[in-house]
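The values are calculated or read from the model by the stated rules, or taken from the named source; none is laboratory data. Not measured: the values here are computed from a predicted model. Cβ placement follows ideal geometry from the backbone for every residue including glycine, while neighbour counts extend to all protein chains displayed. Quick note on the areas: whole protein, heavy atoms, side chains included, nothing else; ligands and nucleic acids left out. Shrake-Rupley method; radii C 1.70, N 1.55, O 1.52, S 1.80 Å.
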Amino acid sequence: YCVEFRTESLSHHCALENRPFARWMQYLREGHTVCVTCQPPAMNTDTHRCAGDGHNADGDKILHWEAIGNSQCQGTWKKIRQLAHCSCPLVHSFIFT
């Protein structure tokens, strides 16, 4: 499944990232919608959920995220909706880890 979030805030460290494999962090912006996929091995085998997916969170709850590979690139987002069938665009698509 996938979860759509609206980014609420992010640290300035994301924009400073210039390593080739992590340049995607430069393109994160407040107010953008991002799509995050939950798939193994991040998915819990008992609950079939990914940690941090905002399960039972209403649209007003602020959730925290952190980028893998740069723990200083972090921020907050709000869950928009969960999708059973993923159709995440190539831009602003991520995977739970």
Subset tally (residues that are open to solvent by 80 Å² or more (accessible area, probe 1.4 Å) and within 14 Å of the chain's Cα centre (by Cα)) for the stretch 15-38: 4
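Which strands (runs of 3 or more DSSP E) sit wholly inside the stretch 1-79 and have at least 1 residues that are farther than 21 Å from P89 by Cα and acidic (D, E)? Before the answer, list the steps.
Numbers: elements: 2-10, 33-37, 62-66.
Filter on the stretch 1-79 gives an empty set.
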Selection status of D60, of a type in the set (D, E) and either open to solvent by 80 Å² or more (accessible area, probe 1.4 Å) or in contact with a Phe, Trp or Tyr (Cβ under 6 Å, 6 or more places away or on another chain) (or both): yes
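Would you check which residues across the stretch 63-79 are among the aliphatic types (A, V, I, L, M) and either more than 14 Å from the chain's Cα centre (by Cα) or open to solvent by less than 80 Å² (accessible area, probe 1.4 Å) (or both) and list them?
The first filter runs over the stretch 63-79 and keeps only residues among the aliphatic types (A, V, I, L, M), leaving 63, 67-68.
Residues satisfying the conditions are L63, A67.
Condition (residue is open to solvent by 80 Å² or more (accessible area, probe 1.4 Å) and of a type in the set (A, V, I, L, M)) applied to the stretch 7-14: is it met by at least one residue? Let's see the steps before the verdict.
Residues of the stretch 7-14 open to solvent by 80 Å² or more (accessible area, probe 1.4 Å): 12.
Then drop every residue that is not of a type in the set (A, V, I, L, M), which leaves none.
Scanning the stretch 7-14 turns up no residue that is open to solvent by 80 Å² or more (accessible area, probe 1.4 Å) and of a type in the set (A, V, I, L, M).
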In the stretch 2-33, the residues that are among the aliphatic types (A, V, I, L, M), modelled with pLDDT of 90 or more and in contact with an Asp or Glu (Cβ under 7 Å, 6 or more places away or on another chain): V3, L10
Residue ID - least open to solvent (accessible area, probe 1.4 Å), chosen from residues in the stretch 80-97 that are farther than 20 Å from W24 by Cα and not in a loop (DSSP other than H, G, I, E, B): L83
